[in-house]
Amino acid sequence: MSKSQKIRCVVAGAGDHGREIIDLIDGQGLPEFADWSVTALTDSDPELKGQSVMNVPVVGDDGKFQTLFEQGISHGLVGIGLAQGTERRARVFAKLGESGFKLPVLVHPGAVIASNVELGAGSVVLAGALVGTGCRIGKNVVINLGAAVSHDCVIGDHCIVADGAHVTGGVKIEEAVLVGAGATVLPYITIGKGATVGAGAVVTKNVSPGMTVVGVPAQPIKRPVTKG
């Protein structure tokens with residue numbers, strides 16, 4: 001199949017996570033993605049415009065979405081990772097949808113996903129990840145390299161579960177949470193919206209919305225968000 005006949009994708013974000021997506025679709029020769037091609041990148045860094053990343057051109061910033069859609073690129077993926085955070089991931093995801101792009105789920109064939117797992121639009125599960133039975137994963141979620149999400153977990157929209165993190169059984173993670181690399185969340189914990197779990201932390205009790213916790217056991221370093 002020629003490149004012009006393939007499912008054409010734009011990846012929003014030309015950094016580390018964007019390159020992971022390009023490699024998954026184009027770089028590894030995986031039969032699951034033989035009919036796909038990443039044909040454009042966008043990025044907020046103006047110095048990247050006109051350059052190529054892994055042989056994919058950076059065509060500008062997010063303001064190019066509508067033009068790219070009108071040019072026949074049908075699918076959009078968020079390539080924004082840890083550095084720019086979950087809030088920007090959420091904004092870009094919404095803008096891709098508003099521009100008309102389909103928001104596919106990508107699962108590396110080297111990941112293990114139970115048969116009854118629900119995966120929301122735009123979510124990406126990378127190589128070596130494990131997602132156990134009964135899990136419900138929201139929209140625009142990243143389950144990164146080697147991360148494990150055990151049985152019956154609920155993960156809200158726009159979350160990132162970083163490399164090697166372990167979310168144990170029955171955990172509830174609300175929207176736009178970052179679980180850092182190598183962190184462990186013990187069973188049946190709830191992590192509130194917008195919270196951050198630091199790399200290597202062990203979470204033994206509930207985490208309030210907006211709070212950052214670090215260490216073993218995890219302790220707060222940022223006050224939770226309050227309304228008033």
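Looking at the P(r) of the chain, how many percent of alpha-carbon pairs lie beyond 27 Å? That tail contains 33 percent of the Cα-Cα pairs.
Packing around the peptides 112-124, 184-196, taken as the average count of other Cβ atoms within 10 Å per residue, puts them in this order, highest first: 184-196, 112-124. Full extension of the chain segment joining Met54 with Asp16 gains 12.6 nm, where the gain is 0.36 nm per residue of separation less the Cα-Cα distance. Per-peptide packing, taken as the mean over residues of other Cβ atoms within 10 Å, places 59-68, 166-175 in the sequence 166-175, 59-68 from highest down.
Here the range 52-105 is described by how far its Cα atoms reach on the three principal axes: 30, 26, 22 Å, from widest to narrowest. Think of the range 133-228 as having a plus end and a minus end, set by charges on the Cβ of Lys, Arg, Asp and Glu; of Val202, Ile155, Ala218, Ala218 sits farthest toward the positive end of this dipole. Asp62 sits among other residues whose Cβ lies under 13 Å from its own Cβ, and their net charge, with Lys and Arg +1 and Asp and Glu -1, is +2.
Annotation for Ile221 and Asp152: the two label points, set 7 Å from Cα along the Cα-Cβ direction, are 3.3 nm apart.
Packing, taken as the mean count of other beta carbons within 10 Å per residue, orders the peptides 83-95, 148-160, 28-40 from highest to lowest as 148-160, 83-95, 28-40. Pairs exceeding a 23 Å alpha-carbon distance, out of Lys139/Lys193; Lys95/Lys172; Lys102/Lys139; Lys172/Lys205: Lys95/Lys172. Each Lys and Arg contributes +1 and each Asp and Glu -1, all at the Cβ; summed about the Cα centre of the range 105-216, the dipole is approximately 120 debye. Computed about the Cα centre, the dipole magnitude for the chain is approximately 540 debye when only Lys and Arg (+1) and Asp and Glu (-1) carry charge, each at its Cβ. Any chance you could check the Cα centroid distance between the range 178-203 and the range 40-72 for me, in angstrom? Value for the Cα centre distance between the two parts: 33 Å. Structural descriptor for the range 105-216: relative contact order 16 percent, calculated from alpha carbon pairs under 8 angstrom and at least 6 residues apart. For the range 3-98, the Kirkwood hydrodynamic radius comes to 13.3 Å, computed from all pairs of different C-alpha atoms.
Both radii were evaluated on the Cα set of the range 105-216; the Rg over Rh quotient, with Rh as the Kirkwood radius, amounts to 0.93.
From the largest down, the range 29-76 spans 34, 23, 13 angstrom on the principal axes of its Cα atoms.
Here the contact order of the chain, divided by its residue count and restricted to Cα pairs under 8 Å and six or more residues apart, works out to 10 percent.
Label positions at Asn206 and Asp45, each projected 7 Å from the Cα along the C-beta direction, are separated by 4.1 nm.
Values in this text are rule-based calculations from the coordinates and carry no lab data. Treat the numbers as computed from the prediction; the structure is a model and nothing was measured. With ideal geometry, Cβ positions are generated from the backbone for all residues, glycine too; neighbour counts draw on all protein chains shown.
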